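Participant: For reference, the structure I am asking about is given below.
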Amino acid sequence: MRRSRADSEASHSKLSRRAVLLGSAQLLFMGGLAARMNYLQVDQADQFRLLAEENRINIRLIPPARGEIFDRNGVRLAQNVPSYRIVIVREDADDVDAVMDRLGKVIDLDPEMRDRAMAEIKRSAPFLPVTVADDVTWDEVSRVSVNAPALPGVSPEVGLTRVYPRGSDFAHIVGRVGRVSQADLDALENPDAVLRIPRFQIGKINVEARQESLLRGSAGTKQVEVNATGRVMRELARREGQSGADLQLTIDSKLQNFVQARLGSESAAVVIMDCENGDLVANASSPSYDPNLFIGGISSADYNPLLQSEYRPLVNKTVQGTYPPGSTYKMVVAMAALEEGIVGPEETVYCPGHLEVGGRRFHCWKRAGHGWIDLENSLKQSCDVYYYDLAMKVGIEKISAMANRFGLGWKHDLPLSSVAAGLAPTKEWKQATKGDSWVIGDTVNASIGQGFTLSSPLQLAVMTARIATNRAVVPRLIKSIDGVEQPSGAGEPLGMNENNMRQVRKGMYSVVNDRRGTGYRSRVIAEGVRMAGKSGTSQVRNITAAERARGVSRNEDLPWERRDHALFVAFAPYDKPRYAVSVLVEHGGGGSTAAAPIARDVILQAIYGGEPPLEAYPTADRGRIAEQQKALRAIQPQADFSGKDQA
């Protein structure tokens with residue numbers, strides 16, 4: 001059927017409008033596309049170029065060299081040495097199991113290490129190197145290199161690791177490093193990015209940990225070009241980091257070595273302190289352990305004996321251990337009474353061997369008693385009854401305040417782990433911690449360093465140095481940082497009456513140099529080197545009335561863990577104090593028999609700067625001392641420090 005002219009014109013009009021609309025839409029789309037392309041390719045070109053560059057270039061950290069640690073004479077105590085390891089790259093090895101089998105025939109491959117490496121290989125990118133043997137010898141590196149054609153993907157690498165050339169002598173001072181753990185990262189609010197470098201080492205305890213921020217240094221950076229899969233193609237730029245600071249300690253490594261050897265297998269501690277400046281020249285806890293065992297991860301075979309030993313070799317007894325100070329506390333009580341004017345040096349107290357207080361009998365160590373006794377003789381013979389009586393007159397508050405002035409009962413600021421504050425108890429303390437009121441018997445117990453009273457060997461050395469000098473000497477362990485001398489610990493005057501202090505020193509002199517003194521057998525006879533001291537014996541068990549009636553058991557008849565702790569504090573020379581020493585022998589029995597001989601030997605070693613002459617000892621002791629010196633020389637492989645950088 002033929003369409004009319006009007007219908008044709010209407011249809012043509014519709015098509016024209018549609019064409020115009022469609023064309024307009026196409027023009028609008030093409031215009032928008034062109035504008036977007038112009039925006040991306042012209043306006044935003046710089047931004048996308050930067051993003052592309054960042055995707056191509058990675059910034060990686062370079063671990064800094066850790067600062068080294070030296071003794072007061074420049075002997076290395078902690079150093080960095082090259083460490084060789086063997087790594088494998090999965091994509092280059094092809095058949096990893098077969099390559100590992102062949103590698104095991106070339107070097108001694110630890111099965112546990114191999115299993116860990118295989119697990120790491122499975123979860124790592126195929127192009128990343130994985131360590132299969134750590135801390136290998138140069139001979140093993142050479143064997144791997146020679147057999148390289150048969151070991152595709154295997155190669156040796158070199159880095160730095162920590163080594164402690166003095167071994168167990170400084171484990172409780174320098175401490176040790178170890179690999180960063182997740183617990184280490186969780187303990188930090190904003191952990192340094194360098195801590196996430198694989199196998200990076202940080203300090204775990206003691207100086208290594210407490211001075212970590214100084215020793216670690218700051219990381220360097222390098223720019224590397226990587227491909228789309230993350231493989232490093234080349235290094236573009238490098239900025240070296242800042243090495244950690246070198247630390248010099250106040251410890252004399254030769255003296256420290258001697259003290260550790262002198263303690264032998266005893267569960268004991270010795271602190272030697274310079275009275276003039278507070279320097280700790282020896283700080284020994286026995287038994288010790290080799291910190292080098294921990295660097296790459298200690299084995300169960302090595303760790304379990306340390307953990308299970310009743311002698312607690314992992315504990316630094318000099319600062320972590322707190323013990324009843326026993327009769328070494330009597331100087332504190334005496335000074336409290338003298339300063340308050342409650343007693344004079346000539347006043348006497350009668351000791352019948354016990355004192356009745358509040359319906360309870362407090363015994364003197366000498367069952368028959370000491371009779372009438374004054375201040376000097378109370379120290380010389382260590383009369384307990386004299387101090388029971390004195391303490392009740394003075395009161396616990398003044399006694400504890402005096403203990404604080406002598407450095408007891410508060411934490412000394414040293415870069416060592418778990419430094420204990422000890423305890424100089426007060427009425428308020430007991431009420432707050434025990435929920436009980438203070439009773440007179442508590443004061444009587446405290447007067448002889450028992451009951452709640454606790455002190456560390458470090459604190460007792462500080463107390464002795466302050467008695468010797470009448471200054472607030474503070475202990476110092478860091479001598480210099482990168483060659484910059486650190487503040488002295490000489491301290492300000494204590495402000496105590498010098499005449500009173502002189503009376504206490506006189507009593508301590510009699511302890512060692514009077515025939516009736518408890519420490520007479522450990523005296524020094526060399527002129528100008530005479531020693532003053534005080535013995536102490538602290539009970540770790542209760543003695544019942546029944547046991548007293550039948551006779552108190554001797555320490556040697558008891559199991560080791562039930563024996564008394566032995567203590568001795570001393571300073572020398574008496575006329576011009578140079579060194580103060582404290583000695584603790586855990587469950588050693590009497591302080592005068594177990595601790596005093598050690599104190600004499602180590603303080604003479606400090607004064608003479610080496611082995612003292614036999615003439616410093618009483619004639620009757622010289623044969624035994626000569627044999628002892630010979631035996632100690634034989635077991636001190638590190639005693640000859642002729643070079644500062646010996647390994």
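Just so you know, all these numbers are worked out from the coordinates, no wet-lab data involved. Just so you know, these numbers come straight off a predicted model, no measurement behind them. Methodologically, a virtual Cβ is constructed for each residue, glycine included, from the backbone with ideal geometry; neighbour enumeration extends over all protein chains shown.
Participant: Against the longest alpha carbon principal axis of the chain, how many degrees, from 0 to 90 and to the nearest 10, is the axis of helix 384-394 turned?
Facilitator: 70 degrees
Participant: How much length is gained on full extension from residue 30 to residue 188, taking 0.36 nm per residue of separation minus their Cα-Cα distance?
Facilitator: Computed gain between residue 30 and residue 188 is 51.3 nm.
Participant: Figure the gain on full extension for residue 265 and residue 527 (residue separation times 0.36 nm, minus the Cα-Cα span) and round it to one decimal in nm.
Facilitator: 91.1 nm
Participant: Let me have the relative contact order for segment 85-159, percent, based on Cα pairs under 8 Å that are six or more residues apart.
Facilitator: About 55 percent, as a whole number.
Participant: Taking one equal scatterer on every alpha-carbon of the chain, how large is log10 of I(q)/I(0) by Debye at q = 0.09, 0.12 1/Å?
Facilitator: Debye output, listed in q order: -0.83, -1.21.
Participant: Just to be sure I understand: of the beta bridges DSSP finds with both ends in the chain, what percent are antiparallel, rounded to 5?
Facilitator: The antiparallel proportion sits near 95 percent.
Participant: May I pose another question? Once you list every other residue whose beta carbon is under 14 Å from the beta carbon of residue 572, what net charge do they have if Lys and Arg are +1 and Asp and Glu are -1?
Facilitator: +2
Participant: Given +1 on the Cβ of Lys and Arg, -1 on the Cβ of Asp and Glu, and no further charges, what dipole in debye does the chain carry about its Cα centre, rounded to the nearest 20?
Facilitator: That gives the chain a dipole magnitude of about 1080 debye.
Participant: Next up: Using the structure shown, list the pairs from 380/427; 330/393; 411/576 with a Cα-Cα distance above 20 Å, or answer none.
Facilitator: From the list (380/427; 330/393; 411/576), the Cα-Cα distance tops 20 Å for 380/427; 411/576.
Participant: May I ask you to evaluate 6.51 cos²θ - 1.76 cosθ + 1.60, the Karplus curve with θ = phi - 60°, for each residue of segment 481-487 and list the ³J(HN,Hα) values in order in whole Hz, giving x for glycine and proline?
Facilitator: Along segment 481-487, the couplings run 10, 6, x, 8, 4, 8, x Hz.
Participant: Going by alpha carbons, how many degrees (0 to 90, nearest 10) lie between the helix axis of 96-106 and the longest principal axis of the chain?
Facilitator: Helix 96-106 and the main axis of the chain meet at about 40 degrees.
Participant: Rounded to the nearest 500, what is the 222 nm mean residue ellipticity of the chain from helices alone, with -39500 (n - 2.57) per DSSP H run of 4+ residues and division by all residues?
Facilitator: Calculated at 222 nm, the ellipticity per residue is -11000 deg cm²/dmol.
Participant: Normalised by the residues of the chain, what does the relative contact order come to in percent, with Cα pairs under 8 Å and at least six apart?
Facilitator: Worked out over the chain, it gives 14 percent.
Participant: Set the Förster distance to 45 Å, then compute FRET efficiency between residue 150 and residue 59 from the Cβ-Cβ distance, nearest 0.05. Working shown, then result.
Facilitator: Numbers: r = 37 Å, r/R0 = 0.82.
In this case the efficiency is close to 0.75.
Participant: Quick check: the angle from helix 253-263's long axis to the longest principal axis of the chain, C-alpha only, nearest 10 degrees?
Facilitator: Tilt relative to the chain: about 60 degrees.
Participant: What is the sum of charges around residue 471, taking Lys and Arg as +1, Asp and Glu as -1, for the other residues whose C-beta is under 10 Å from the C-beta of residue 471?
Facilitator: -1
Participant: Could you tell me which GluC sites (Glu not before Pro) in segment 137-199 are loop residues by DSSP with no more than 13 other beta carbons within 10 angstrom of their beta carbon? Intermediate results must be reported in sequence, preceding the final value.
Facilitator: On the way: sites: 140, 157, 189; in loops: 189.
Taking segment 137-199 and a limit of 13 other Cβ atoms within 10 Å, the loop GluC sites (Glu not before Pro) found are 189.
Participant: Oh, and also: All other residues with a Cβ under 9 Å from the Cβ of residue 589 taken together, and with Lys, Arg as +1 and Asp, Glu as -1, what is their net charge? The partial results should precede the final answer.
Facilitator: Values: positive: 554, 563; negative: 556, 564.
With Lys, Arg at +1 and Asp, Glu at -1, the neighbours total 0.
Participant: What FRET efficiency do you get for residue 97 and residue 237 if R0 is 56 Å and r is their Cβ-Cβ distance, rounded to the nearest 0.05? Present the calculation step by step, with values, prior to reporting the outcome.
Facilitator: On the way: r = 39 Å, r/R0 = 0.70.
Approximately 0.90, to the nearest 0.05.
Participant: If each of residue 310 and residue 626 carries a label point 7 Å out from its Cα toward its Cβ, how far apart are those two points in nm?
Facilitator: About 3.8 nm, to one decimal.
Participant: As an exercise, find the ratio Rg/Rh for segment 85-159 from alpha-carbon atoms, using the Kirkwood inverse-distance average for Rh.
Facilitator: 0.91
Participant: Ok, one more. If I model a spin label as a point 7 Å beyond the Cα along the Cα-Cβ vector, how far apart are those points for residue 439 and residue 213 in nm?
Facilitator: Each label point is offset 7 Å from its Cα along the Cβ direction, giving 4.9 nm.
Participant: Going by how many other beta carbons lie within 10 Å of each one, how would you line up 375, 355, 584, fewest first?
Facilitator: Arranged by neighbour count, lowest to highest, 375, 355, 584 become 355, 375, 584.
Participant: HN-Hα J couplings of segment 454-459 from phi, Karplus 6.51/-1.76/1.60, θ = phi - 60°, integer Hz, Gly and Pro as x?
Facilitator: Those phi angles translate into 9, 9, 9, x, 4, 4 Hz.
Participant: Normalised by the number of residues in segment 470-526, what is the relative contact order in percent for Cα pairs under 8 Å and 6+ residues apart?
Facilitator: 26 percent
Participant: Can you work out the FRET efficiency for the pair residue 411 and residue 181, with r the C-beta to C-beta distance and R0 = 35 Å, to the nearest 0.05?
Facilitator: E(calc), rounded to 0.05, equals 0.85.
Participant: Another question, then. Can you give me the distance in nm between label points at residue 542 and residue 368, each placed 7 Å from the Cα along the Cα-to-Cβ direction?
Facilitator: Each label point lies 7 Å from its Cα, and together they span 3.1 nm.
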